[in-house]
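A.B. asks: Pasting a structure here, questions to come.
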Amino acid sequence: MHTQSPENDDCFAVRQAARHVSQLYERHLSEVDITPTQFSIMTVLGRGSSLTMMELAQAMVMERTSLVRALRPLMDSGFVADEPGEQGKRRFQLILTGSGRTKLDEAMVHWSAAQDEFERKFGHLQAASLRRELFRITRDVSKV
């Protein structure tokens, strides 16, 4: 039987690091009562175009049920709304509302503080390199 140590486990290392980084951003974003996932959802929707639930789930690389769980409080608060799609289509389009844009602007201050803290602790160049590698993993490994 082969035993694996955490030091050689890629999944363990990535998940452990993700939890620590998430906790840092959660601490800052809790000041405006949103989670890092909700912030990311609002950022994606804030780019200006409406998205279907499926398109948003793909953009976020999330299961639909997890997305709905994160999205529900944003919709209940009026930050995100769904509107009917194009004529003849039954799918709803998700949009960031005006109050959602205001909330996103408010949250951006706290996100920036989290970003600054992370880069101060980890290093600016290391953070940029890490982001590139993580996006490469998302792009290359997800094709498997």
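A.B. asks: Output yes when any residue across the stretch 54-76 is of a type in the set (Val, Ile, Thr), in contact with a Gly (Cβ under 7 Å, 6 or more places away or on another chain) and touching a residue at least 24 places away in the same chain (Cβ under 8 Å), and no when none is.
C.D. replies: No, because not a single residue in the stretch 54-76 is of a type in the set (Val, Ile, Thr), in contact with a Gly (Cβ under 7 Å, 6 or more places away or on another chain) and touching a residue at least 24 places away in the same chain (Cβ under 8 Å).
A.B. asks: Going by the conditions given, is Lys121 under 18 Å from the mean Cα position of the chain (by Cα), modelled with pLDDT of 95 or more and among the charged types (D, E, K, R)?
C.D. replies: Criteria not met by Lys121.
A.B. asks: Another one. Please specify each residue of the stretch 99-144 satisfying the condition of being touching a Phe, Trp or Tyr at 6+ places or on another chain (Cβ under 8 Å), in contact (Cβ under 8 Å) with a residue 40 or more places away in the chain and farther than 19 Å from Leu24 by Cβ.
C.D. replies: Within the stretch 99-144, Gly100, Lys103, Leu104 qualify.
A.B. asks: Met1 versus (1) aliphatic (A, V, I, L, M); (2) more than 25 Å from Glu119 (Cβ to Cβ); (3) modelled with pLDDT of 95 or more; (4) outside any helix (DSSP H, G or I): which is the lone unmet condition?
C.D. replies: (3)
A.B. asks: When you go through (1) farther than 24 Å from Arg19 by Cβ; (2) at pLDDT 95 or above one by one for Asp116, which number turns out not to apply?
C.D. replies: Evaluating Asp116 over (1) farther than 24 Å from Arg19 by Cβ; (2) at pLDDT 95 or above leaves (1) as the failure.
A.B. asks: Can you tell me which condition Arg69 does not meet? The list is (1) touching a strand residue (DSSP E or B) at 6+ places or on another chain (Cβ under 7 Å); (2) assigned to a helix (DSSP H, G or I), and all the others hold.
C.D. replies: Failing condition for Arg69: (1).
A.B. asks: Based on what the data block shows, is Ala70 touching a Lys or Arg at 6+ places or on another chain (Cβ under 6 Å), closer than 26 Å to Leu134 by Cα and surrounded by 11 or more Cβ atoms within 10 Å (Cβ to Cβ)?
C.D. replies: Against the criterion (touching a Lys or Arg at 6+ places or on another chain (Cβ under 6 Å), closer than 26 Å to Leu134 by Cα and surrounded by 11 or more Cβ atoms within 10 Å (Cβ to Cβ)), Ala70 does not qualify.
A.B. asks: Going through the stretch 31-47 one residue at a time, which ones are of a type in the set (A, V, I, L, M) and not in a helix (DSSP H, G or I)? Break it down stepwise before answering.
C.D. replies: Start the filter on the stretch 31-47 by keeping residues that are of a type in the set (A, V, I, L, M), which leaves 32, 34, 41-42, 44-45.
Hit for the stretch 31-47 is Ile34, nothing else.
A.B. asks: Would you say Gln93 is buried (at least 16 other Cβ atoms within 10 Å of the Cβ) and not in a helix (DSSP H, G or I)?
C.D. replies: yes
The values are calculated or read from the model by the stated rules, or taken from the named source; none is laboratory data. Values in this document were obtained by computation on a predicted structure and should not be read as measured data. In this analysis, Cβ positions are derived from the backbone assuming ideal geometry, glycine residues included, and neighbour counts consider all displayed protein chains.
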